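Participant: Below is a structure I'd like to ask you about.
What follows is calculated from the coordinates using simple rules that are stated; it is not laboratory data. Note that the coordinates shown come from a computational prediction; the quantities given were computed from them, not determined experimentally. With ideal geometry, Cβ positions are generated from the backbone for all residues, glycine too; neighbour counts draw on all protein chains shown.
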Amino acid sequence: MITFIIRRMFATVLLLIIVAAITFAIFFLLPRLAGQTTYQLAAQYVGRNPTPTQVHAIEAKLGLNQPLDVQFGRFLKGIVAGETYSSGPSKTYCPAPCLGYSWRDQQPVWPLLVSYIPVTLSLALGAAVIWLVSGVAIGVLSALRRGSFFDRGAMSAALLGVSLPIFFTGQILLLLFSYKWQIFPNIQYVSPFSNPLEWAKNLFLPWITLAFLYSALYARITRAGMLETMNEDYIRTARAKGLPERTVIFRHGLRAALTPVLTIFGLDLGLLLGGAIITEYTYSLHGLGLFTIEAIDNSDLPEIMGVVLIAAFFIIIANLIVDVLYAVIDPRVRV
């Protein structure tokens, strides 16, 4: 087990380097191949309507006129050890991990991301717990009661949840529970460390909005997996040995059916941690999603690049955790 985890961690580090290289190529190499000059590329890092003096200063500070291999080395060095951008007497230090420097806001991108991450983290993790528990539970019950009224009703609700977009569900919940009945008025982010009850109360509607979509998908996947697993020969063997039905269902049936659920859970959670844009926009929660929209509106390329890197990091780490859970559920994966 330890050897398997070490192998996966090495693969994760390698994948992070590859992602950094691809990100660098998207923001630095592809524009060059498309015919952009270093002046035009530097203009995108200043913001809207920059002066020529500002553009030339950024071009010198970022070293955009240097060879690409030198720029990529500085890019990696900045992530690991920080970076100093200098042009003559003017110097700007970006501490590690330096995911870029916003010349519009005149500060490194990483502290900006850190200030927005708790909102997205709270939104994603809370919704993930709800959709995972409810989706798996509904899927198991539907599979065990196949063709019953509960099964038909649950799958109809699941189809409805998959079909309705998040912005529609969120607006309906806001209209009913925030504006009309005022059960959850003035939704805003509150730190869980200052007031856990207010934190949960303010995020309850966003959690339900996200969980309604994903729990419907997880219920359908779990139901299909359970229906297939419960007809396997080893399930009949377990029952023939006299094992309790609860043991047969949860230890043998559900354990095998969870493999596809874990696969999509790692991807979904990683994507949400990278920014639940629509939900944050609907409820005006200032997380990575709204941060991304504002960065695009302001043409702040360093901030956009920072969001891309942090989103890729979350997805890779989430999949690392899923791989480890695979090894726990199915020992054959460790080979």
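Participant: Which of the helices (runs of 4 or more DSSP H) found entirely inside region 218-283 contain at least 2 residues meeting this: polar (S, T, N, Q)?
Facilitator: Result: 254-273, 277-283.
Participant: Now for a different question. Which members of region 186-219 meet the condition of being loosely packed, with under 11 Cβ neighbours inside 10 Å and not aliphatic (A, V, I, L, M)?
Facilitator: Hits for region 186-219 are Asn186, Phe193, Ser194.
Participant: Within region 165-198, how many residues are farther than 13 Å from Thr279 by Cα, touching a helix residue (DSSP H, G or I) at 6+ places or on another chain (Cβ under 8 Å) and among the hydrophobic types (A, V, I, L, M, F, W, C)?
Facilitator: Counting residues in region 165-198 that are farther than 13 Å from Thr279 by Cα, touching a helix residue (DSSP H, G or I) at 6+ places or on another chain (Cβ under 8 Å) and among the hydrophobic types (A, V, I, L, M, F, W, C) gives 4.
Participant: Go over the candidates Ile187, Ile183 one by one and state the one that is farther than 30 Å from Ala224 by Cβ, touching a residue at least 12 places away in the same chain (Cβ under 8 Å) and assigned to a loop (DSSP other than H, G, I, E, B).
Facilitator: Criteria check complete, one pass: Ile187.
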